[in-house]
Structure formats: C-alpha cells, structure tokens
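Colleague: Pasting a structure below so you can have a look.
Bear in mind these aren't lab numbers, they're just calculated from the coordinates by the rules spelled out. Note that the structure is a prediction, hence the values are computed from the model and not measured. Reconstructed Cβ throughout: ideal geometry from the backbone, glycine too, with neighbour counts over all protein chains shown.
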Amino acid sequence: MTGIPAELVARVSTTYDAVQMIGDTVFWIESRPDGRDVLVQRAPDQGVREAVPADMDVASYVHEYGGGAYLTAGDSVWFCNADDQRIYRLTAEAKPVPVTAEPDSPGTHRYADLRLTPDRSLLICVRERHEVGGVVNELVAIPADGQGTVRTIASGWDFYSFPRPSPDGRWLAWTCWNAPSMPWDATWLFIAELSADGRLGGPTLIAGGSEESIFQPEWSRDGTLHFVSDRSGWWNLYAWRHGEVTPVLLQDAELGVAQWELGYSTYAFLDRDRVAVIAQRGGRQQLEVLEDGAVRSMDLPYTSIKPYLSGHGSKVAMIASSPTQSPAVVLVDVDSGQVEPLAVTDPGVPPRQISIPEPFTFSTRDGQHAYGLYYPPTEPSGTEAPPLIVKAHPGPTANFPQRLDWHTQYFTSRGFAVAEIDYRGSTGYGRSYRQALQGQWGIFDALDCADAAAYLTATGRADPDRLVIWGASAGGYTALRSLILTDVFVAGIARCPVIDPATWRDAAPKFQAHHADELIGPWPADEAIYRERSALRHANRISRPTLVLHGEDDPVTPVHESRTFAKALGSRAGLLTFRGEGHVLRSPAAVEHAVQAELAFVREAGA
C-alpha cells in the first residue's frame with residue numbers, strides 16, 4: 001500500500017497562531033517549515049501579505065513557549081523580534097524602530113502579552129529578565145514610541161499574564177501566580193489604578209486563589225471586567241460589576257484553556273453587547289454566541305478551534321479545523337453564518353485516504369473512566385485486527401483535539417489504527433479530571449494508555465500482539481513509563497521526552513521548573529518518589545525496543561538526557577538527534593526523516 005507520503009507530512013507543517021482583528025483587517029502568525037515565524041495581514045480586497053520585513057521574525061520566548069508576541073493598533077504594529085527579543089514598532093511609512101533598549105546579551109530581556117493604553121502612549125506587557133541570579137518575571141510600562149524609560153509596575157510574584165488596561169485607561173487588570181502552582185491550578189486576578197505615566201496604585205483582589213484558576217480577564221466596551229474562572233468545576237465566564245462577581249455564562253463545558261502560552265483568547269466581544277466564545281466538551285470545540293442572555297451554537301464545519309479568538313462587529317476571526325480539514329484562518333459572520341477562509345494549507349489528499357476518529361470512553365483498572373479518539377486504518381490489510389499506535393499527548397495538561405493530524409494519518413494510511421488518549425490530567429473535562437494526575441504523573445497517564453489499548457483489543461479494534469505507544473515531551477515520558485509499568489506494548493517511541501523528572505526540574509525553564517512538584521510531589525521531601533518515577537533509573541525494566549528522537553537545540557527537555565537514556569537501554573534503544581531542531585521538529589527534512597524512521601522502527605518491532 002502506498003499511503004500518505006512522508007514528504008507531504010513535512011510539507012504541510014505550517015501552523016497558524018495569534019489571530020487579531022483591527023477593523024476589517026486580520027493579522028496572524030504563520031510558523032513555516034523553513035523555521036520562520038511570519039506576521040501576515042489580510043485587508044479587504046488587498047489579499048494576504050507579510051506585515052514585517054523578510055529579515056525579521058515575530059516570536060516571544062517568555063516561558064520558552066512565548067505567545068502574545070505582537071499588537072496592532074491603528075496604523076502601527078508592535079512586535080517582538082525573534083532574534084534579539086526586543087520590541088519594535090512598525091508603521092506603513094517607515095522601517096521597524098526598536099522601542100526597548102538593547103540588552104547586554106541578546107534574549108536576556110524578553111517581552112510578551114503586549115497591550116496599549118487607550119491614549120496609545122504606553123505599552124503594558126510581561127517582561128522576563130534572565131540574570132545571573134535567575135529569571136525574573138514582572139509587568140512593565142514602555143513608552144510606545146520608544147522615547148523614555150521602561151518602568152517596572154508590578155513585581156514580586158513568580159509569574160504574570162493578561163495585563164489589560166480598561167477602556168478609559170484608569171485601571172489595569174492582570175493575573176499572577178507563584179510556583180509550584182501552574183496557571184491552570186491557582187491564579188489571582190487583581191486590578192489597580194493606572195496613572196498616565198504607568199504607575200500603579202494599590203492592587204485589589206477580584207477573584208482567584210489557591211483553589212481557583214483565572215483565565216483571560218478582558219474589559220468590555222462599557223468598562224465591565226470579564227474573566228474565566230473554574231470555581232464551578234468548569235472554566236466558565238464571569239463579570240465583575242460594582243464590586244461583585246456575577247456569572248455570565250455557566251455550562252458543563254470549558255470556556256478557557258490551559259495557559260501554556262501568553263496572549264490566549266477564548267472569547268471576544270462583538271457588536272450589540274454580544275460575546276463569541278469557544279466551548280470545549282472533551283476533545284470537541286464549537287463556537288457559541290451569547291446574546292440577550294441566551295446561547296446560540298454556530299453550525300460550522302469545525303470541531304477544533306485554537307484559543308486565539310478575535311472579533312469586530314458581527315465577525316469573528318479564528319483558527320479552526322476538523323478531522324477532515326487542516327487548520328485554517330477563517331472569518332465567520334455570526335449573523336449570516338458565512339465562513340470566509342483566509343489562509344489554509346490543502347495538500348489535496350483524497351477523502352478516502354483520511355481516517356475519521358471515533359470518540360470512545362473506557363474504564364481504567366482502578367474503576368475510573370478516561371477518554372480517547374480511535375482512528376481506524378484507511379487501508380486495512382485483510383480481516384484481522386490491525387496493529388495499533390497509542391499516542392500520549394504532550395503537556396501533560398492538554399488534550400487531543402478533533403483535528404486533522406497528518407502524523408496520525410501517515411500511519412492510518414498504511415494499515416495502522418491510531419488511538420489518541422486523553423488520560424487523566426487532560427483538559428476539556430473539568431477541573432477535577434484535570435487535577436486527577438496531581439501526585440500521579442507517570443502512573444495514571446501511563447496506565448490509562450495501556451488500559452485504552454486493552455479496551456480496543458477487547459473490542460476487536462486492535463491486534464493485542466502489535467501494540468505500540470508513542471509520545472512527545474511529557475507524552476514521551478508517559479510512553480516510557482508505560483513500557484516500565486506494563487507489558488502491553490511491543491515497542492515505544494518518545495520524541496524529545498522528559499526522562500528523569502528530578503533532573504528535568506533543574507533543566508526546565510522557570511515556567512515549568514516546579515511543574516513536577518504538583519504532578520509528583522514537593523522536592524526534595526519526595527525525592528524517593530522522584531527516583532521511583534524516573535525512566536532513566538528504571539531503564540532496565542524496559543524490555544521492548546524503544547526509539548528516541550530529539551532536537552539538539554531543545555530548550556525545554558535537554559538532549560543529553562536522551563543520550564544517557566539510550567546508553568542505559570543499550571541494544572534495545574534507537575536514538576536519532578536532529579541538529580538545529582528544538583523541542584518540536586519543524587524543518588521539512590527533520591519531519592520527513594522522523595516519520596520514516598518511526599515507520600521503519602514499528603515494522604521492525606513486529607507491529
């Protein structure tokens with residue numbers, strides 16, 4: 001059987017992020033296979049064009065994951081330049097001009113989540129300073145024209161996000177949190193008076209705490225502060241009016257997401273006091289409109305919407321996809337329902353070659369439930385049950401969306417079934433499910449993946465003798481732990497994996513350095529548990545062939561751990577490293593080589 005070529009998987013690896021609407025003009029960032037992060041814009045009747053010079057890329061590296069790397073207002077664009085991490089201002093009449101000073105070493109001062117005061121005199125944003133003594137995160141006010149002093153206006157917390165000036169410029173709202181909590185565990189929302197020179201008055205706590213996650217504070221045009229909170233057990237929408245918090249939209253659905261990047265937006269204000277919002281239920285998302293107290297679901301051909309929603313008038317710009325359509329930048333009119341594609345990568349694969357996922361729920365060995373998507377092979381070989389690749393998503397606080405994934409389709413077009421598992425700890429199922437992995441990382445996730453494979457073999461959808469587990473980043477750790485704890489799989493694949501949580505917490509960026517304290521236990525009090533959960537310390541318990549792939553420039557999980565792990569596995573290990581690649585393989589050559597190597601590996605392993 002021919003199957004979808006590896007070259008196609010590599011060629012369609014362009015991703016779209018960070019949509020913004022200014023009037024009828026739409027901006028977004030394209031991360032292209034050649035490594036560039038390009039800001040593009042599309043104005044009515046003008047087509048799509050690159051918005052910044054070809055020798056500049058738009059990317060923030062705050063937290064290493066970035067986000068919120070640009071802001072548009074009027075005829076100006078402020079953006080973070082990838083190379084030096086300085087903020088530049090670009091107007092139609094001139095070349096980009098830096099508005100932040102050049103640091104002693106490139107990238108030691110990083111910026112993200114840019115917002116402008118209503119008079120356009122100041123940029124308010126997150127700054128991350130890398131110093132000899134460590135990394136400092138804070139909020140700063142920057143003269144928008146670059147003529148003046150950058151002022152630190154909020155500091156003392158480990159992390160900050162969502163600085164949002166009010167429409168009249170009198171107030172600033174923001175969220176913050178301290179390690180070891182992650183923003184989806186415990187967040188605080190404050191407001192303070194904002195003076196004309198950027199100074200802040202005394203902060204007032206609006207919402208949040210050690211048992212509440214706050215997401216995306218945003219001021220409506222009338223000056224009402226909205227925000228998403230999971231105080232009900234779900235991320236729902238609330239408003240702060242006259243000193244009181246009141247619910248705006250309560251559902252058994254997630255209206256927020258895990259804040260892996262800065263600048264996320266899952267709701268947007270429209271005309272006539274309407275609100276467009278992304279509602280997630282499990283692995284499926286849909287666009288809803290709140291109008292006059294009632295909710296209307298838009299009938300759109302999409303099941304996955306990225307958390308970058310922007311609105312103007314009756315239109316919403318978003319990045320949407322489905323199991324049969326690659327992510328695309330689209331413009332949706334919520335009145336007419338009309339959808340206008342602005343950017344899409346269509347490789348022209350016939351529909352018969354695309355596997356459609358089947359959502360399933362399965363019981364875990366300890367009597368709980370977990371979830372997954374089953375992709376049957378599009379080219380089954382005979383009547384026997386197919387080989388199965390079980391995939392563990394990265395994060396681990398994330399999920400598998402119902403979105404066209406060409407890596408998955410590469411295998412289903414070659415006779416494999418693929419199961420994408422939302423193990424306990426995944427998002428989309430409420431706070432209690434999301435927090436179920438706390439203290440259990442490397443156990444519940446690993447066993448849930450094995451139990452999913454057992455369920456699919458018991459229901460005749462997979463061959464029990466040809467099961468493989470695959471994971472990337474934290475999902476790579478899950479895959480390795482599953483090989484240690486069970487004998488379900490005949491082989492395993494780990495891309496850029498976490499291998500030893502104890503050493504990873506020292507090497508990880510500040511944002512994630514204490515993540516394992518929530519997922520495993522506080523360090524060093526629970527050092528014995530860390531040793532027990534280490535894939536490196538228990539490599540001798542992996543008896544199956546294991547392939548490890550790693551970018552040599554990975555800033556999140558160090559490549560030397562993979563080299564040490566492969567050495568410990570000896571003849572059972574295969575190791576591929578990719579020069580010039582980071583935590584995610586991006587170049588077409590690396591992506592093509594990786595998927596071809598994975599296919600050859602699973603076939604040699606007997607799957």
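Colleague: Could you put K391, K95, K510 in order, starting from the residue whose Cβ has the fewest other Cβ atoms within 10 Å?
Modeller: On the way: K391 27, K95 10, K510 18.
With the sparsest Cβ surroundings first, the list reads K95, K510, K391.
Colleague: For K306, which lysines qualify as cross-link partners when the Cα separation must be under 26 Å and same-chain residues fewer than eight apart are set aside?
Modeller: Filter leaves K315, K391, K510.
Colleague: If you take Cα Rg over 2.2 N^0.38 Å from the coordinates, which of (1) 1.44; (2) 1.14; (3) 0.94 do you get?
Modeller: (3)
Colleague: Rounded, prolate or oblate, given the Cα gyration tensor of region 183-310, with a/c below 1.5 counting as rounded?
Modeller: It is prolate, given that a/c is not under 1.5 and a/b is the larger ratio.
Colleague: Please sort by residue number the trypsin sites (Lys or Arg not before Pro) in region 150-234 whose DSSP state is loop and whose Cβ has at most 11 other Cβ atoms within 10 Å.
Modeller: R221
Colleague: Moving to a separate point now. What list of ³J(HN,Hα) values in whole Hz, one per residue of region 41-52 in order, does the Karplus curve 6.51 cos²θ - 1.76 cosθ + 1.60 (θ = phi - 60°) give from phi, with Gly and Pro shown as x?
Modeller: Calculated HN-Hα couplings, in order: 9, 9, 9, x, 6, 10, x, 9, 9, 6, 8, 10 Hz.
Colleague: Sum -39500 (n - 2.57) across every DSSP H segment of at least 4 residues in the chain, then divide by the residue count to get the 222 nm mean residue ellipticity, nearest 500.
Modeller: The helix contribution divided over the chain gives -4000 deg cm²/dmol.
Colleague: By counting other Cβ atoms within 10 Å of each Cβ, how are C449, C176 ranked from fewest to most?
Modeller: Taking fewest neighbouring Cβ atoms as first place, the list is C176, C449.
Colleague: Could you list which residues have their amide H under 5 Å from that of L116, counting only those 5 or more apart in sequence or on another chain, with H placed in the peptide plane?
Modeller: The list, which skips near neighbours in sequence, is I124.
Colleague: Using alpha carbons only, how many degrees (0 to 90, rounded to 10) separate the axis of helix 444-458 from the longest principal axis of the chain?
Modeller: For helix 444-458, the angle is close to 50 degrees.
Colleague: Next question, about the same structure. Tell me the relative contact order for the chain as a rounded percent, counting alpha carbon contacts under 8 Å between residues six or more apart.
Modeller: Reported as a whole number, the value is 10 percent.
Colleague: Still on this structure, I have one more. In whole Hz, what ³J(HN,Hα) sequence does region 370-378 give by Karplus (6.51, -1.76, 1.60; θ = phi - 60°), x for Gly and Pro?
Modeller: 9, 9, x, 10, 9, 9, x, x, 7
Colleague: Kindly put D273, D45 in sequence by how many other C-beta atoms sit within 10 Å of each C-beta, fewest to most.
Modeller: Final ranking by Cβ density, sparse to dense: D45, D273.
Colleague: OK, next. Tell me, how many Å apart are the Cα centres for region 501-579 and for region 171-241?
Modeller: First find each Cα centre; the distance between them is then 35 Å.
Colleague: Just how far, in whole angstrom, is region 101-148 from region 255-314 if you go by their alpha carbon centroids?
Modeller: Value for the Cα centre distance between the two parts: 29 Å.
Colleague: Still on this structure, please answer the following. How much net charge surrounds A516 when only other residues with a Cβ under 11 Å from its Cβ are counted (Lys, Arg +1; Asp, Glu -1)?
Modeller: Values: positive: R505, R533; negative: D500, D506, D517, E518, D526.
Value of the local net charge: -3.
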